[in-house]
Amino acid sequence: MTVYLFIILGVFAILSALMVVFTKNPIHSILYLVLTFFAIAGEYVLLNAQFLAIVNIIVYAGAIMVLFLFVVMLLNLNKETEPHKSILRQLIAVIAAGILLIVLVGSLKGADTMTIKPFAQNTGYIENLGQVLFKDFLLPFEVSAILFLAAMVGAVMLGKKDIK
Amino acid sequence: MDSNGPIDYLPIAITVLVAGGFVVTTMFVSNILGPKRKGKIKLDTFECGIESQGNARIPFSIKYFLAAILFVLFDVEVIFLYPWAVDFRKLGMDGFWEMISYMGVILIGFFYILKKGALKWDTD
Amino acid sequence: MTLSLFIIYKAVLVILVFLISLVIAMYSTYAERKVAAFMQDRIGPNRAGPFGLLQPVADGVKMFMKEEIIPQVSNKFLFILGPSVAMFTSCITGAVIPWGTSLHIAGHDFALQVTDINIGILYVMAVTSIGVYGIMIGGWASNNKYSLLGALRASSQMISYEVAMGLAIIALVMTTGTLSLKGIAAAQTGWHWNIVYQPLGFLIFIICAFAETNRTPFDLPESDSELIGGYHTEYSSMKLGFYLFAEYINMFISSAIMSTLYFGGYNMPFIGRLGLSPNTMAILGVVFLFAKIFFFIFFFMWVRWTIPRFRFDQLMNLGWKILIPLSIFNMAITGFIILVLHK
């Protein structure tokens, strides 16, 4: 039962991700992307990673997509659809996406040889996550604060022209 | 059932179905029940009552956008705090100092934002 | 409990919770007008039924029967999607609130909570953050400058106060050690209500709750004097009804969450000494929770008819420059006290 649900959610995620690319209206693209994130959150729940599922919704669907929506609204969208791109631009996009595909396939090729640990019922629980994050991965966590600092400075710099 | 597994989310799926069904049905029913007399002027944008000038696809202040970026940053930072807060007693004094140093760096960024006036809304 | 019994029981409970929130939201509109009338020395609605008690029903029927006007220049699909999302998100939050302990009937325990997930508070936060879309999409799709401004204001207000709200909840979680709303409610027996341990956190939380529900003094998204009707200027019939109704459901749900997080939920001091049977206790618990919720709903209305509206720069300053530093301070103090005094 769980497996079927997982497959259905996966297909749903892929279909809505495809719609993100194929739909003409940028606002619709964003909404399809939100749907994709919900499907992925559902998959996390089925894998018993409940904290990740809810973080996926809060951060991606609730915060980053709101930012995207702001950006799309900030652009002057007098036409309903995007302007048509030139052949050169399309070619560049295809090459860039193709390179990404090669990288992804290359990195996932070795994945099947990894030993799969037995599935523990409570791996994804927030209590266990805290223990791992604040004991084993303490340094990356503290370094992420510096990343945030850099991002804040960058954001202020971007908007600075308008402020004064 | 005290399982703490994916089965706990089944009632949420039921809630989503009930709420979604209600919303769709109500929209549909109110669409059927209401009268329909369309007219060119009636279907114009109301805006403020007088004839509207241009449309509303206009660029707006970048400050809204900046607030949204800063919100994303702070939201992610707050998410990191949840596992810490749940395990707060177990992590003890070490965990407390870890978080003080983490929040210290974040606060430096926060004061930088305030100092640069990125969140100043009363000037233009 | 077998799976089929589990599903049937949960479905019944879901529909019950859903209907109760709809009825309470309906009668909140009536109560709001009566409270306003009382405060302004008027009578309020008194035509439909005795004391005007049928007024919300009359309003609902009117919403159904009105003509739907979708402006020509608007984006039709998004125009309908906006109020639907607003209504939908406000309806699904009630799923994690513990309305009471559990009833023991015929050898089965029936928990008076739709579901107890161990990240309950985060579920509420997630649904709140999705709620922004309803207003933003609706305001933008209207293709009306005032609606756009209202939607922008609403979304930046909601996202700004979400940060302070999250930080206030973190201080609370530090004292409780769990994110499950059932666990938090169950820990507050006797006088151990969280308000005693987290007075500052509660103050921050209630201010943020007012901002998240777009209630006065934070009702800038629909400030009539400058933005006509704000983000729902172009809306009519049931779509307008959904926006207005969603606000009242949100008010009910946030009252329930405040009662559960800080005011003991279904607990009441000294009730354990009466020696009542567990089932009676559970039912009394529901009554106590609803008494607390009604108090908070009244508080929302009391504030609305007492305090004037903020200016937008004051609102953003309060959120970013006062509430966020204050909630970080609250976190530090909470952590320090827990570690030093309760070693």
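The values are calculated or read from the model by the stated rules, or taken from the named source; none is laboratory data. Keep in mind it's a predicted model, so treat the numbers as computed, not measured. Note that each Cβ is placed from the backbone with ideal geometry, even for glycine, and that neighbours are counted across all protein chains shown.
For this structure, a couple of remarks:
- Options C:274, C:341, C:261, C:284; residue that is within 14 Å of the chain's Cα centre (by Cα) and farther than 30 Å from residue C:40 by Cα: C:261
- Residue within the range A:30-50 that is closer than 20 Å to residue B:72 by Cα, within 14 Å of the chain's Cα centre (by Cα), polar (S, T, N, Q) and away from chain C (no Cβ under 12 Å) present: yes
- The range B:110-122 - residue that is under 19 Å from residue B:62 (Cβ atoms) and more than 9 Å from chain C (Cβ to nearest Cβ) and, of those, modelled with the highest pLDDT: B:112
- Residues satisfying the stated conditions in the range B:24-54, i.e. touching a Lys or Arg at 6+ places or on another chain (Cβ under 9 Å), surrounded by fewer than 16 Cβ atoms within 10 Å (Cβ to Cβ) and facing chain C (nearest Cβ under 7 Å): B:35, B:48
- Residues in the range C:93-116 that are surrounded by 22 or more Cβ atoms within 10 Å (Cβ to Cβ) and over 19 Å from the mean Cα position of the chain (by Cα): C:101 alone.
- Only listed residue being within 16 Å of residue C:221 (Cα to Cα), among the hydroxyl-bearing types (Ser, Thr, Tyr) and buried (at least 24 other Cβ atoms within 10 Å of the Cβ), chosen from C:90, C:147: C:147
- Close pairs (8 angstrom Cβ cut-off, 6 or more residues apart or separate chains): among the β-branched types (Val, Ile, Thr) in the range C:226-246, part of a helix (DSSP H, G or I) anywhere: C:228/C:146; C:233/C:146; C:233/C:147; C:233/C:150; C:233/C:227
- The range C:27-57 - residue that is in contact (Cβ under 8 Å) with a residue 40 or more places away in the chain and among the hydrophobic types (A, V, I, L, M, F, W, C) and, of those, farthest from the other protein chains (Cβ to nearest Cβ): C:39
- Verdict on residue B:95 being facing another protein chain (nearest Cβ under 7 Å), part of a helix (DSSP H, G or I) and on the phi < 0 side of the Ramachandran plot: yes
- Any hit, the range B:25-47, residues being in contact (Cβ under 8 Å) with a residue 40 or more places away in the chain and either in a helix (DSSP H, G or I) or within 28 Å of the chain's Cα centre (by Cα) (or both): no
- The range C:128-145, residues that are facing chain A (nearest Cβ under 7 Å) and closer than 23 Å to residue A:54 by Cα: C:129, C:130, C:132, C:136
- Restricted to the range B:95-117, and to residues there that are under 24 Å from the mean Cα position of the chain (by Cα) and among the aliphatic types (A, V, I, L, M), the residue that is farthest from residue B:80 (Cα to Cα) is B:114.
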